[in-house]
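Input: a single structure, listed below in structure tokens.
Laboratory data are not the source of any read-out in this text; all were calculated from the coordinates shown. It should be emphasised that the depicted structure is a prediction, and the values quoted were computed from it without experimental measurement. Here the Cβ positions follow ideal geometry from the backbone for every residue, glycine too, while neighbour counts run over all protein chains shown.
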Amino acid sequence: MKKIRSKIEPKFLLMYSPQIFDKRFGAIKPEGSLGLIYLASALRNKDFEVSILDASVGNDDYTLEETFFNEKIQPNGLVRVGMNIKDILSEVVDHDVIGISSIFTAQTRMVEEVVVAIKKEYPDKIIILGGISAKSQMSLFFNAGADLICLSEAEETIVEIGELLRKGERDFSKIDGVAGKEGFVNPRLKIIQNLDELPIPAWDMLPLKKYWEIARPHGGGLKEGNVAYASAMFSRGCPFKCHFCHISKELEGSITGNTRKYRMKSIDRVNEEIRIMKSLGVKYVFVEDDSMLAKKARAKTIFLKIAEMGMELAGANGINLAHLCTGTGGKLGVDESLLEAMAAAGFKRLQYPVESGSQRVLDKYCSGKLNLEKHDVVGLIKKAKQLGMEIGGNYIFGYPDETIFEMIKTFNLARKHMDAGLDSANFNFLTPFPGTMLHDYVVENKLLLPNLHIADMDWMRPSMKTKVPGWIIKLIITRGWRFVNNPARINRIKGMTYYYGH
């Protein structure tokens, strides 16, 4: 067993990396994801010293002009924003453990850059990564210098790591839910079932005022500048199992444990979190749940409580059309009371995940979560518009065995929905991100495009071989998108000034 010379009181720094993006497809947003503020709170509750650094915006010692709005063109044409490496290293120096969020595949290079720099300058510091991207690219990040990678929900794991360090130990090989550079991979054996046991997220440790000045929340939907928003999570898990989502693999017996299982916080706990956010000056709440509406009566109660407290819902991540419908006369019509409760709580914008105009594709790749014959999507659009909401639709092209006729169906369905009142239609390539069932299928069948670096995957470029040539799909996604959407929408997306303008 490896030992530190003496017991220590470890200091933790939890970090979001700088951001990198393709400016052709709009503006970048700060990550500010919930994972780190749950971990920070778990550590703080056990009297560990912990800080959070969002390297895309910097702490109070750095202005946004020096960080987030300081765009640096990279050799590959992408744009980097955030603190430079020298400044990041100066913030790291006084900490023993550096935990870095690695959720999004597109941020692979930035996370790798930070890990390499820290390990080179401070080889004795312990670097821990977490998130689906870290778990899916363990070899890459261990080669970069990471010591540990958390494989699942880590509120308990991070405390176990801290307690070992307090004892003067560095052998983490017996901790569930972590992989180590030495080669051990320990599956997560126990998942927290009662979400009220989770620590209250440490929203107070985030650079909220900087986020509000930038005014680019995850999910969008806020039109005025300098908006006081924060993300929240009231449930975990999802009843669906879409092939292009990582949660489709997070089942009992996997290294993550069954994080797909749907679990909820009590209404009392939700109310407490809403009160805390309000005390911090938050006005708009963005719900990050994978399936917020899976329990509709509960969701209505939460929406109404938010409205009662004088706050508003900026939007929600996991909106499934099946949950917006209800059985009426053998059909699945609009659940008007649910939409009305959402409107009363302040929902200004909803994104409808239509995914495809082919029922075969929906059944094979999307858990059959939408029935094109039974679910009244047009009715959902019209009802939401009556309630004053702005409605967008997501349409995906390029499923591996999708035919050109199925793509035309999707294209025509988007046109039909626009005619019904949809404000915008998003067209995307299906992308086999690491950690998904789709990625495993594509690798197994040798469908990944040659010389494609994983970090270059995104929704606007082809990543895999498809039945329909990629250049045709690209025409649909670019020219077809322009044809379907109105000029005002196109100009807003290209300039990203309507929702976010700085």
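I need to check one value: relative contact order of the chain, counting alpha carbon pairs closer than 8 Å and at least 6 residues apart, in percent.
13 percent
Taking every pair of distinct Cα atoms and averaging 1/r, then inverting, what Kirkwood hydrodynamic radius in Å comes out for the range 360-461?
15.4 Å
Can you flag which of 241/295; 11/46; 135/249; 300/416; 23/119; 135/261 are past 21 Å Cα-Cα?
Pairs exceeding 21 Å: 300/416; 23/119.
Net charge around residue 100, counting only other residues with Cβ within less than 12 Å of its Cβ (Lys, Arg = +1; Asp, Glu = -1)?
Every neighbour counted, the sum reads -3.
How large is the direction-averaged shadow of the alpha-carbon convex hull of the range 274-427, in nm²?
Over every viewing direction, the Cα hull of the range 274-427 projects on average to 9.5 nm².
For the range 203-339, what does the relative contact order come out to in percent, with C-alpha contacts under 8 Å and a separation of six or more?
Contact order relative to length: 24 percent.
Count the net charge of all other residues whose Cβ sits under 10 Å from the Cβ of residue 87, scoring Lys and Arg as +1 and Asp and Glu as -1.
-2
Compute the normalised compactness of the range 250-364: alpha-carbon radius of gyration over 2.2 N^0.38 Å, N being the residue count.
1.21
Where the eigenvalues come from the Cα gyration tensor of the range 331-391, what are the semi-axes √(5λ) of the equivalent ellipsoid, largest first, in whole Å?
Rounded to whole Å, the semi-axes are 24, 12, 9.
What is the Cα radius of gyration of the range 48-160 over 2.2 N^0.38 Å, N being its residue count?
Ratio of Rg to 2.2 N^0.38 Å for the range 48-160: 1.06.
Using the Kirkwood radius built from alpha carbon pairs, what does the Stokes-Einstein equation give as D for the range 159-248 at 20 °C and 1.002 mPa s, in µm² per second?
123 µm²/s
Regarding the range 114-216, what are the three Cα extents along the principal axes, ordered largest first, in Å?
Cα extents, longest axis first: 42, 38, 29 Å.
Assuming 0.890 mPa s and 25 °C, estimate D for the chain with Stokes-Einstein, Rh taken as the Kirkwood radius over Cα pairs, in µm²/s.
Value of D from the Cα-based Kirkwood radius: 104 µm²/s.
Compute the Rg to Rh ratio over the range 33-72 from the alpha carbon atoms, using the Kirkwood formula for Rh, and round to two decimal places.
So for the range 33-72, dividing Rg by the Kirkwood Rh gives 1.13.
Using Cα pairs closer than 8 Å and at least 6 residues apart in sequence, work out the relative contact order for the range 150-244, in percent.
17 percent
Compare the peptides 402-410, 272-280, 67-75 by average per-residue count of other Cβ atoms within 10 angstrom and give them in order, highest first.
Going from most to least packed, we get 402-410, 272-280, 67-75.
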